Amino acid sequence: MNEVFQKGKQAKRASYALAVATTEEKNDALLQISQQIISDQEIILKANKLDVAAGEKDGLDKSVLDRIMLNEERIHAMAEGVRQIVTLKDPINEVLEDSVLQNGLQVTKVRVPIGVFGMIYEARPNVTIDAATLALKTGNAVILRGSSSAIHSNKALVSSIHRALEKTTITVDAVQLIEDTSRETAKHLFQLNEYLDLLIPRGGQKLIDTVIRESTVPVIETGAGNCHAFVDATAKVSMATDIVMNAKLQRPSVCNAIESLLIEKNWFAENGKALLQTLHEAGVEIIGEEKVVEVFPEAILATEEDWGTEYLDLKISVKLVDDVTEAIEHINTYGTHHSETIITEDATHKEMFLNGVDSSSVYHNASTRFTDGFEFGYGAEIGISTQKLHARGPMGLQALTSTKFVIKGDGQIRE
């Protein structure tokens, strides 16, 4: 019996027990995990150093190494995220609909766990904690399959989770880690319909496309982030500068950082060179269309491919547009339906942008860096869905539930 099949079987069994766990039992498990990863941080950091060292040896990009890297601050942030989940309302058994039919049957629609979901992800060991704790809060079992680049970190984190669960009524089988990171085990996970109810990929576009193409298990697509900022004609210079700099530089290697900058041509004529100079001085490589290069010779001439590229690095593509309509068209053509922002003082343009852009999260006069489960008050997120079925945007607790109809009668039969 291979590892994936065995752990799938164990997770399925655990999911039935989790489905009837009380909120108090689940919250106790979360608090124990929060405390345990702090207690085990030296072990976790030691394991993480092995992953970072291996990544450096293999020549991984700095952006990937940043996603792999853990430190005390990040571990404490993970623990705080878990504690925040404890404070959130348990969605399980929430009544969504309630009615009494003419024949006296009481029909109630309630939230229930999905059952078992699989998480296949790259680099980010924080996803191990996010996925496990969101799963437990919603009464789901989870099968984790991280990449080889973070395997030591993931093993250490899951071991810490198991030590915490041993102190509770929740079985350790509720959180499973596939330790074999070969492509073959990934394919087994894609086909694990007997035990897996849902599969969520989180990583680069290549991983996501592979899962969507090869999986027979239902998939929620968490897309790549070719995010945009549009500086409209009426944008305040200081606000536009602050938002663009934050959205690009606050953490360039994550999916909600902007990769493309659209600027209304008249605003650019007056203020564009100064904005690009500020980005350039901060170490950002400007990749612009011909008109941008003419004004800012330090820029590299963009190709068609650049408009659709998620750099995850200190690079940004820059294009001039005539108006908000052209900006919306460009984003809907080249974007990945993730997060976009308009910087404007024009109320009409604001509404056109917010209504016209087809993305999971759209902003007015704010940085795209807020597209995050923690920032939205979810405590942690399982991913950011860029599709439209079931869940869209940062996926918190409700996105990990299904529904059940509960019908109560007193002897009714159908004629």
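The values are calculated or read from the model by the stated rules, or taken from the named source; none is laboratory data. What you are looking at is a predicted structure, and each value in this text was computed from that prediction instead of being measured. Don't worry about glycine lacking a Cβ; one is built from the backbone with ideal geometry, like all the others, and counts go over all protein chains shown.
Some notes on this structure:
- Residues being within 22 Å of E97 (Cβ to Cβ) and not assigned by TED's automatic domain parsing to the domain that holds R202 - total across region 371-404: 0
- N93 satisfies every condition listed in (1) at positive phi; (2) part of a strand (DSSP E or B) except (2).
- Per the conditions (1) outside any helix (DSSP H, G or I); (2) within 20 Å of the chain's Cα centre (by Cα); (3) not aromatic (F, W, Y), the sole criterion not satisfied by H76 is (1).
- Note on region 358-385: residues that are in contact with a Lys or Arg (Cβ under 9 Å, 6 or more places away or on another chain) and more than 20 Å from F230 (Cα to Cα) amount to 6.
- Qualifying residues in region 200-227 (those that are touching a residue at least 60 places away in the same chain (Cβ under 8 Å) and in contact with a Pro (Cβ under 7 Å, 6 or more places away or on another chain)) - the one surrounded by the most Cβ atoms within 10 Å (Cβ to Cβ): T222
- Tallying residues that are among the small types (G, A, S), touching a residue at least 24 places away in the same chain (Cβ under 8 Å) and closer than 21 Å to K155 by Cβ within region 40-67 yields 3.
- Test: residue in region 117-137 that is more than 18 Å from the chain's Cα centre (by Cα) and of a type outside the set (K, R): no
- Within region 191-216, the residues that satisfy the criterion of being polar (S, T, N, Q), under 17 Å from Q387 (Cβ atoms) and either modelled with pLDDT under 90 or part of a loop (DSSP other than H, G, I, E, B) (or both) are Q205, S215.
- Each residue in region 52-82 was checked for being at pLDDT 95 or above, among the charged types (D, E, K, R) and closer than 28 Å to L31 by Cα, and 3 of them qualify.
- Residues in region 335-379 that are surrounded by 19 or more Cβ atoms within 10 Å (Cβ to Cβ) and of a type in the set (S, T, N, Q): T336, S339, T341, T344, S359, S360, S361, S367, T368, T371.
Conditions (1) outside any helix (DSSP H, G or I); (2) within 20 Å of D372 (Cβ to Cβ); (3) in contact with a Cys (Cβ under 8 Å, 6 or more places away or on another chain); (4) at pLDDT 95 or above, marked per residue:
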site: R124; (1), (2), (3), (4): yes, yes, no, no
site: S149; (1), (2), (3), (4): no, no, no, yes
site: I161; (1), (2), (3), (4): no, no, no, yes
site: A186; (1), (2), (3), (4): no, no, no, no
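- Unmet criterion (only one of (1) in contact (Cβ under 8 Å) with a residue 40 or more places away in the chain; (2) under 11 Å from R145 (Cβ atoms)) for F230: (2)
- Residue count for region 244-258, restricted to those that are touching a strand residue (DSSP E or B) at 6+ places or on another chain (Cβ under 7 Å) and either closer than 21 Å to K62 by Cα or surrounded by fewer than 24 Cβ atoms within 10 Å (Cβ to Cβ) (or both): 6.
- Residues of region 259-288 that are out of contact with any strand residue (DSSP E or B) (no Cβ under 9 Å at 6 or more places or on another chain) and among the hydroxyl-bearing types (S, T, Y): T278 alone.
- Out of I33, I75, sole residue that is over 30 Å from K315 (Cβ atoms) and in the same structural domain as A164 (by TED's automatic domain parsing): I33
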